[in-house]
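Take a look at the structure below.
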Amino acid sequence: MPVASKLPGVLSFQRCLVPTDARFFNVFDDGTITDLPVVRHGIRGTQNVNKKSKPESAGATSTSAKRAEVSNIQTTDSAKMAPGATELEVRFALRFVDLSSALFACAPGKSDTADGIRELRDQIGTFISAAKESDNGALRRVTEGFTRNITNGRFLWRNRVIAKSVSVTVTDGERELATFDALSKPLNSFDNVDPSEQAVAEVMASGFRGDRQAVLQVTARVGFGVQGPLEVFPSQNYLEDKSKGFARPLYCVGQPGPVNEHGLREMGQAAFRDQKIGNALRTIDVWYPSFAERMAPIPVEPNGASLDAQEFFRDRKTSGFDLMRRIGEITPDNSPEGNFLLACIIRGGVYSGSDDA
């Protein structure tokens, strides 16, 4: 099939892997489970900013020189386990969108022709249909990658790093599919998928093929080897204009409570944003050019953008944009290009081209 010279002026895909927020809970030895709150409070810290040194003025003396402020008074958010809690529990659910509905908009820009738009739509439809029909192609490889990032607990982020034990239980909404020892599962490899992982991947694949009943419920139990108010780490909010002295806002769900007599205020239940869960699950790109050197997967992003490395790992020839332009000549088999292009479609996003290109 012919390759498009450029992408159309309007081209976008809707997200097909749809997670909920992941809420945090305290777990106690007697089986009691309670919400784990984000608490807003004040702290007196120290100044630890790497400021550019300035020479003292020529006339300054030890008594007249300005003294740097040592104290750093802040308002911050924290999320800590309850005093009697023994484990952290994190729960989220996954829904799926039929890949046939992935294409959200494909319309011409000023320099696009109606025939060209129809041709690209047909190419995208052919690619997606082939992906859905294949039993051992890109859809299997991509869903196995998503599954591994569930079973290895990657979605727990910093909490996984400090964990002593992590178990992840997955159900399909009606029955338990399996419970996994997350710390025994690799973070940098998506090979050697066991039968229990394959059962989870098959639910995902059926959802992407159009099964409206497909759903996954994920529950992680995290043990830290200690009991008591240990700090845990939900998502952190970004604020464009933080008030002076406000250090760190954390993400939570629910309504804030009143300020108590100690100046503490519960802001809601600690949680990961759905975007953070999605980013963890799609950290399956082992097909970018420098993977053999780094041996670390990156999130599926059209340009291979990595916030951790502050780098783009894909150039114009290997980007999702160029692969989308060549979708008519790529098949959704288990190949670097086929896997990555399908993963990009599942991720969703805007692929519109410029009329100035």
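The values are calculated or read from the model by the stated rules, or taken from the named source; none is laboratory data. Predicted model, so just to flag it, every value in this text is computed and none were measured. Cβ atoms come from the backbone with ideal geometry, glycine included; neighbour counts cover every protein chain shown.
Which one is modelled with the lowest pLDDT among residues in the range 242-275 that are acidic (Asp, Glu) and more than 30 Å from LEU307 (Cα to Cα)? Can you show your working first?
Start the filter on the range 242-275 by keeping residues that are acidic (Asp, Glu), which leaves 261, 266, 274.
The next check asks that each one be more than 30 Å from LEU307 (Cα to Cα); those that pass are 261, 266.
Values: GLU261: 79, GLU266: 85.
Filtering first and then ranking leaves GLU261.
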Worksheet item: What single numbered condition from (1) outside any helix (DSSP H, G or I); (2) surrounded by 22 or more Cβ atoms within 10 Å (Cβ to Cβ); (3) not β-branched (Val, Ile, Thr) fails to hold for ARG148?
Response: (1)
Worksheet entry | the range 101-112 - residue that is surrounded by 15 or more Cβ atoms within 10 Å (Cβ to Cβ) and under 30 Å from SER206 (Cβ atoms) and, of those, nearest to the chain's Cα centre (by Cα) | ALA102
Worksheet item: From the list GLN123, GLN47, GLN74, which one is surrounded by 14 or more Cβ atoms within 10 Å (Cβ to Cβ) and modelled with pLDDT under 95?
Response: GLN74
Worksheet entry | Test: residue in the range 280-288 that is under 18 Å from PRO19 (Cβ atoms) and among the hydroxyl-bearing types (Ser, Thr, Tyr) | yes
Practice prompt. List every residue pair whose Cβ atoms sit under 6 Å apart, with the two residues 6 or more apart in sequence or on different chains, where the first one lies in the range 173-191 and is closer than 23 Å to GLN213 by Cβ and in contact (Cβ under 8 Å) with a residue 60 or more places away in the chain and the second, anywhere, is surrounded by 12 or more Cβ atoms within 10 Å (Cβ to Cβ) and hydroxyl-bearing (Ser, Thr, Tyr).
Written response: none
Discussion item. Could you tell me how many of the residues in the range 77-120 are at pLDDT below 95, over 30 Å from ASP29 (Cβ atoms) and charged (D, E, K, R)?
Written reply: 5
Discussion item. Within the range 228-237, does at least one residue satisfy the condition of being in contact (Cβ under 8 Å) with a residue 24 or more places away in the chain, out of contact with any His (no Cβ under 7 Å at 6 or more places or on another chain), over 18 Å from ASN26 (Cα atoms) and not in a loop (DSSP other than H, G, I, E, B)?
Written reply: no
Worksheet item: Taking interchain pairs and intrachain pairs at least six residues apart, which have beta carbon atoms under 8 angstrom, with the first residue in the range 311-328 and without any contact (Cβ under 8 Å) to a residue 40 or more places away in the chain and small (Gly, Ala, Ser) and the second crowded, with 18+ Cβ neighbours inside 10 Å and part of a helix (DSSP H, G or I)?
Response: GLY320/PHE340; GLY320/LEU341; GLY320/CYS344
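Can you tell me which residues in the range 129-145 are more than 14 Å from VAL203 (Cα to Cα) and surrounded by fewer than 23 Cβ atoms within 10 Å (Cβ to Cβ)? Break it down into steps so the answer makes sense when it comes.
Narrowing the range 129-145 to residues more than 14 Å from VAL203 (Cα to Cα): 129-131, 133-134, 136-138.
Within the range 129-145, SER129, ALA130, GLU133, SER134, ASN136, GLY137 meet the criteria.
Yes or no: the range 229-236 includes at least one residue that is among the small types (Gly, Ala, Ser), under 19 Å from the mean Cα position of the chain (by Cα) and surrounded by 14 or more Cβ atoms within 10 Å (Cβ to Cβ).
To start, the set of residues in the range 229-236 that are among the small types (Gly, Ala, Ser) comprises 235.
Add one more test, that the residue is under 19 Å from the mean Cα position of the chain (by Cα), and what stays is 235.
Narrowing the set further to residues that are surrounded by 14 or more Cβ atoms within 10 Å (Cβ to Cβ) leaves 235.
Taking every residue of the range 229-236 in turn, at least one turns out to be among the small types (Gly, Ala, Ser), under 19 Å from the mean Cα position of the chain (by Cα) and surrounded by 14 or more Cβ atoms within 10 Å (Cβ to Cβ).
Report yes if some residue within the range 88-107 is of a type in the set (S, T, N, Q), on the phi < 0 side of the Ramachandran plot and outside any helix (DSSP H, G or I); otherwise report no. Let's see the steps before the verdict.
Pass one, the range 88-107, residues of a type in the set (S, T, N, Q): 100-101.
From what's left, on the phi < 0 side of the Ramachandran plot: 100-101.
From what's left, outside any helix (DSSP H, G or I): none.
Looking through the range 88-107, none of the residues is of a type in the set (S, T, N, Q), on the phi < 0 side of the Ramachandran plot and outside any helix (DSSP H, G or I).
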Worksheet item: What are the residues in the range 164-189 that are at pLDDT 95 or above and closer than 22 Å to ASP274 by Cβ, if any?
Response: VAL166, VAL168, THR169, VAL170, THR171, ASP172, LEU177, PHE180, ALA182, LEU187
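For the range 315-346, what are the residues that are among the charged types (D, E, K, R) and within 18 Å of ARG121 (Cα to Cα)?
Residues of the range 315-346 that are among the charged types (D, E, K, R), as a first pass: 315-317, 322, 325-326, 329, 333, 337.
Residues satisfying the conditions are ASP322, ARG325, ARG326, GLU329.
Hey, can you tell me all the residues within the range 259-313 that are of a type in the set (S, T, N, Q), part of a loop (DSSP other than H, G, I, E, B) and under 19 Å from ARG95 (Cα atoms)?
Step one: of the range 259-313, the residues of a type in the set (S, T, N, Q) are 260, 269, 275, 279, 283, 290, 303, 306, 310.
Next, from what is left, pick out any that are part of a loop (DSSP other than H, G, I, E, B): 260, 283, 290, 303, 310.
Hit for the range 259-313 is THR283, nothing else.
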Discussion item. What pairs come out if I take residues in the range 247-268 that are over 16 Å from ARG23 (Cα atoms) and pair them with residues that are among the acidic types (Asp, Glu) whose C-beta lies under 7 Å away, six or more apart or interchain?
Written reply: ARG248/ASP77; PRO249/ASP77; GLY257/GLU266
